[in-house]
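Colleague: Let me give you the structure first, and then I'll get to my questions.
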Amino acid sequence: MVSVLLLAGCAGAPTGRPGNDSVSIWLTSTDDPGGRHVTRGLARQGSISFAPGTGSGEQTVAVDENTRYQQFEGAGASFTDTAAWLMNSSGVLSDSARDDTMTKLFDRDRGIGLDFLRNPMGASDLARGNYTYDDLPPGQSDPGLARFTLAHDMADVIPLTKQAKRINPQLKVMGTPWTAPPWMKDNDGYDQGWLQGRYYPAYAQYFVKYAQGYAAQGIPVDYVSAQNEPTCCEGHPSMRWNGSGLAAFIGKDLLPALHSAGLPTKVLALDWNWDTYSSYAEPAVSDAAIRNDPNFGGVAWHGYNGQVSEQTTVHDRYPSMKAYDTEHSGGTWIADQQRQDMTDIIGDTRNWGRSVVKWSLAVDQNAGPHNGGCDKCTGLITVHHGDSRNGQVDYTIEYYDMGQLTKFVEPGATRIFSTDNPAVPNVAWRNPDGSKAVIAYNPSGKPQPLRVTWAEKSFVYTLPPATSATFTWTGTQP
């Protein structure tokens, strides 16, 4: 739980643009083994200054803004049915409380400035029940999609996504299905089953109608993936695929359908773990016609199994192909949530990730409502529903850790060189206005003196234990 005082210390505080020799510092700290009890949440510290020389003796991170890598597009979470309902039509939050919460989530000056949403296309495991956008009684079909409707999303997901877009116009939106409508599948069910080949064209049009419907609401859909976690998992909305089927659907149906509709929406392959790339993404990516298609956007990665270095392996094979990290859920199974968050934020982006996206933006105090699947997932916020704290919102360590990135690194920022120091993991960015941001983490149980060198100058700052830090400054390196 995070106190209201900590939240008030974050919201409304200016991001600030220090002068050439002045460095602004923001810290988030925890004091428990699970990395969840926030003692300092995005708390601004006193500024320090660069001094001539590069020094030695401390943990050193050298920053070189003339060595540049990928651009940053955004970071955020998902308006699952669970999150959107809790925040909107559940009645738990008053209009003013919801607006305040949305400001703290999506406004960069008064909150943390989330700028990427990956919304489920239909039900997921974090929903109140099963649904798609074209549900029919068993035995019926609708290949012309005459019954397609976004009515479910119009209640909560679309209004909140529109509000988020108004608060932060730089917001990117991605859509991802957990399942096709049951009538398209060989088991006529929401759980598992294979999409029948005869419905590939209809399913491609399902994506088109989704993108067109959202665009009509003022929400351009920047990205879609063909499937969340192909074949995973029994017990909640899901669908089975193999790599060849995904490649065929993307190349012969989905991309052509987007072209025919004149939609700029880009398709991301995989949308699953690092260790599943060869089985579920490589068949599509290795097809040059798909890889070079203007509506193909790259690879979406999840971080639950395998090694993040797989992103660099694939980047080295296809240097022009983009990488997006689209799901890392927090959860009570994680031994140290702050350590995991910072490992993901730093590791993903040091391995070419252009986004960092958590799972559900919100859950209630019981990690729900959930629809099978994850009953231990946590969110950036906890919305109390039906307990003694009904209507109160907790801002979790995941909120503050994400804010160490999103509050200071803007879409269009470029990752720049910084020393890969395992004692103080870090990543450095140059924003479009030329300002710099270095995100660093002290995972140890003791303070660590950190020296950051840049442009023949350096500063030294002692990082408290179990602390995430963002250092920002302006100026230009020769």
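Colleague: For W359, what residues show an amide H to amide H distance below 5 Å, using hydrogens built from the backbone and excluding near sequence neighbours?
Modeller: Hits under the 5 Å cutoff: H328, S329, G330.
Colleague: Roughly how many Å is it from the Cα centre of the range 173-237 to that of the range 334-410, as a whole number?
Modeller: For the range 173-237 versus the range 334-410, the Cα centre distance is 25 Å.
Colleague: While we're on this one: Tilt of helix 337-350 relative to the longest C-alpha principal axis of the chain, in degrees (0 to 90, nearest 10)?
Modeller: 90
Colleague: Treat the range 49-161 as a sphere of radius equal to its Kirkwood radius over Cα pairs and apply Stokes-Einstein at 20 °C in a medium of 1.002 mPa s; give the translational diffusion coefficient in µm²/s, rounded to a whole number.
Modeller: On the way: Rh = 18.3 Å.
The diffusion coefficient I find is 117 µm²/s.
Colleague: Now for a different question. Need one number: nm distance between label points at A289 and N66, each 7 Å from Cα along Cα→Cβ, rounded to one decimal.
Modeller: 4.6
Colleague: So if each residue of separation counts as 0.36 nm, and I subtract the Cα-Cα distance between S49 and T476, what length gain in nm does that give?
Modeller: On the way: separation 427, 0.36 × 427 = 153.72 nm, distance 1.52 nm.
Here the segment from S49 to T476 would lengthen by 152.2 nm.
Colleague: As a test of understanding, state the convex hull volume per residue of the range 76-132 from its alpha carbons, in Å³.
Modeller: On the way: hull volume 4.0 nm³, N = 57.
So the per-residue hull volume is 71 Å³.
Colleague: Sticking with this structure for a sec: Using Cα atoms only, what is the angle between the long axis of helix 95-106 and the major principal axis of the chain, expressed in degrees (0 to 90) to the nearest 10?
Modeller: Taking the Cα atoms of the chain, the angle to 95-106 is about 70 degrees.
Colleague: If you don't mind, there's one more thing I want to ask. In what order do E229, E456 fall by count of nearby beta-carbon atoms within 10 Å, going from fewest to most?
Modeller: On the way: E229 21, E456 11.
Ordered by Cβ neighbours within 10 Å, fewest first: E456, E229.
Colleague: Based on the Cβ-Cβ distance of R147 and C233, what FRET efficiency does E = 1/(1 + (r/R0)^6) give at R0 = 25 Å, to the nearest 0.05?
Modeller: Numbers: r = 28 Å, r/R0 = 1.11.
The pair R147/C233 has a calculated efficiency of 0.35.
Colleague: Cα convex hull of the range 73-408: how many Å³ per residue? Show your work: numbers first, answer last.
Modeller: Numbers: hull volume 40.9 nm³, N = 336.
Expressed per residue, the convex hull around the Cα atoms of the range 73-408 is 122 Å³.
Colleague: Same structure again: Which value, to two decimals, describes the C-alpha radius of gyration of the range 373-474 once divided by 2.2 N^0.38 Å? It would help to have the intermediate numbers written out before the result.
Modeller: Values: Rg = 17.2 Å, N = 102, 2.2 N^0.38 = 12.8 Å.
The range 373-474 yields a ratio of 1.35.
Colleague: Shape verdict for the range 377-417, please, from the Cα gyration tensor: rounded (a/c under 1.5), prolate (a/b greater than b/c) or oblate.
Modeller: Cα axes put the range 377-417 in the prolate bin.
Colleague: Could you list which residues have their amide H under 5 Å from that of S49, counting only those 5 or more apart in sequence or on another chain, with H placed in the peptide plane?
Modeller: Here V23 satisfy the definition.
Colleague: Another question, then. Step through the residues of the range 302-312 one at a time and calculate ³J(HN,Hα) from phi using the Karplus curve (6.51 cos²θ - 1.76 cosθ + 1.60, θ = phi - 60°), rounding each to whole Hz and writing x for Gly and Pro.
Modeller: For the range 302-312, the Karplus curve yields 10, x, 9, 9, x, 10, 4, 4, 4, 5, 6 Hz.
Colleague: While we're here: Please list the non-local residues whose amide H lies under 5 Å from the amide H of A75, H modeled 1.01 Å from N, same-chain partners needing a gap of 5 or more.
Modeller: D115, F116, V356
Colleague: Further question on the same structure: About the Cα centre, and with charges only on the beta carbon of Lys, Arg (+1) and Asp, Glu (-1), how big is the dipole of the chain? Nearest 20 debye, please.
Modeller: Working: 38 positive and 50 negative charges, 203 e Å.
Charge dipole, the chain, about its Cα centre: 980 debye, nearest 20.
Colleague: Using θ = phi - 60° and the Karplus relation 6.51 cos²θ - 1.76 cosθ + 1.60, list the HN-Hα couplings for the range 165-181 in order, rounded to whole Hz, with x at every Gly or Pro.
Modeller: Ordered by residue, 3J(HN,Hα) equals 5, 5, 5, 10, x, 7, 4, 9, 10, 10, x, 9, x, 8, 7, 6, x Hz.
Colleague: Over the range 73-408, what is the relative contact order in whole percent, taking alpha-carbon pairs under 8 Å and six or more residues apart?
Modeller: Details: 733 pairs, mean separation 69.8, N = 336.
Answer for the range 73-408 is 21 percent.
Colleague: Normalised by the residues of the range 308-442, what does the relative contact order come to in percent, with Cα pairs under 8 Å and at least six apart?
Modeller: On the way: 214 pairs, mean separation 25.3, N = 135.
Normalised by residue count, the contact order of the range 308-442 is 19 percent.
Colleague: At a 10 angstrom cut-off on C-beta neighbours, averaged per residue, how do the peptides 187-193, 234-240 rank from highest to lowest?
Modeller: On the way: 187-193: 17.6, 234-240: 20.0.
Result, highest mean first: 234-240, 187-193.
Colleague: Percent antiparallel among DSSP beta bridges with both residues in the chain, to the nearest 5? Could you put the intermediate results ahead of the total?
Modeller: On the way: 47 of 83 bridges.
Of all bridge pairs located within the chain, approximately 55 percent are antiparallel.
Colleague: Using only helices, what value at 222 nm comes out for the chain when you add -39,500 (n - 2.57) per DSSP H run of length 4 or more and divide by the total residues, to the nearest 500 deg cm²/dmol? List each step's numbers first, then the result.
Modeller: Details: 14 runs with 118 residues, N = 478.
Helix contribution divided over all residues of the chain: -7000 deg cm²/dmol.
Colleague: Under the rule a/c < 1.5 gives rounded, and otherwise a/b versus b/c splits prolate from oblate, where does the range 329-403 land using the Cα gyration tensor? Walk me through the numbers before you get to the answer.
Modeller: Details: a/c = 2.38, a/b = 1.92, b/c = 1.24.
Taking the square roots of the gyration eigenvalues as a ≥ b ≥ c, the range 329-403 is prolate.
Every number here is computed from the coordinates shown, using simple stated rules; none is lab data. The model shown is predicted, which means the values in this text are computed figures rather than measured ones. In this analysis, Cβ positions are derived from the backbone assuming ideal geometry, glycine residues included, and neighbour counts consider all displayed protein chains.
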